[in-house]
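Taking it in order: structure first as structure tokens, then the write-up.
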Amino acid sequence: MLCRLLFLLASGVMLAGRAQAAEADHVTASHAWIRLLPGELPASGYVALRNNGVSNAVLVGAHSKAYASVMLHQSTQDAGGMDRMTTVSRLAIPAQGEVSLAPASYHLMLEQAASPPKVGDTIDITLDFADGSHLPVAFLVRPANAADAN
Ligand SMILES: [Cu+2]
């Protein structure tokens, strides 16, 4: 009897420990959308991420069945006003803080669509965190001239 009680206690502690370790569990996503560009041009994915946890959540990438290639990028302008994009390997969402993937900033670069997306479609993209946890997010496909916020 005591053995069984100890076992139950131990598994309860393990479950609690696991829940605490999962970064994705503390992150909520809102305003997830994709800007669709014509032809074979890559689309961009945007989303506002909030971390309700007590430690940083670190986004390390994303994947989707809808696109063969999903990359985390940052757009910046150099001194001459030229737009540049760089690959981002780690993006920390601070504890109790927010990070936005938005035009002219961080974004998901989406290439090699499995089938051509249409405006109004919802596309599932899973965000990958440094601890191996995942956050599935539904992105709304919007036209090339869509405003920054939805
Ligand atoms: Cu990009």
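For region 24-150, the C-alpha radius of gyration sits at 1.02 times the compact-globule guess of 2.2 N^0.38 Å, with N the residue count. Leaving out ligands, DNA and RNA, and with a 1.4 Å probe, what % of the accessible surface on region 2-142 is carbon or sulfur? On region 2-142, the fraction of accessible area on carbon and sulfur atoms equals 59 percent. If every alpha-carbon in region 75-150 counts as one equal scatterer, what log10 I(q)/I(0) does Debye give at q = 0.20 1/Å? Rounded to two decimals, the profile gives -1.22.
Region 75-150 and region 33-58 have Cα centres separated by 3 Å. Backbone amide hydrogens, once placed in the peptide plane, bring I93 within less than 5 Å of A57, V58, L59, excluding anything fewer than 5 places away on its chain. Summing charges over neighbours of V60, with a neighbour being any other residue whose Cβ is under 12 Å away from its Cβ, gives -2 when K and R count +1 and D and E count -1.
The values are calculated or read from the model by the stated rules, or taken from the named source; none is laboratory data. Computed from a predicted structure; not experimentally measured. Every residue, glycine as well, gets a Cβ built from its backbone with ideal geometry; the counts of neighbours run over all protein chains shown. When the accessible area is computed, the model is the full protein with side chains, heavy atoms only, and any ligands, DNA or RNA have been set aside. Shrake-Rupley method; radii C 1.70, N 1.55, O 1.52, S 1.80 Å.
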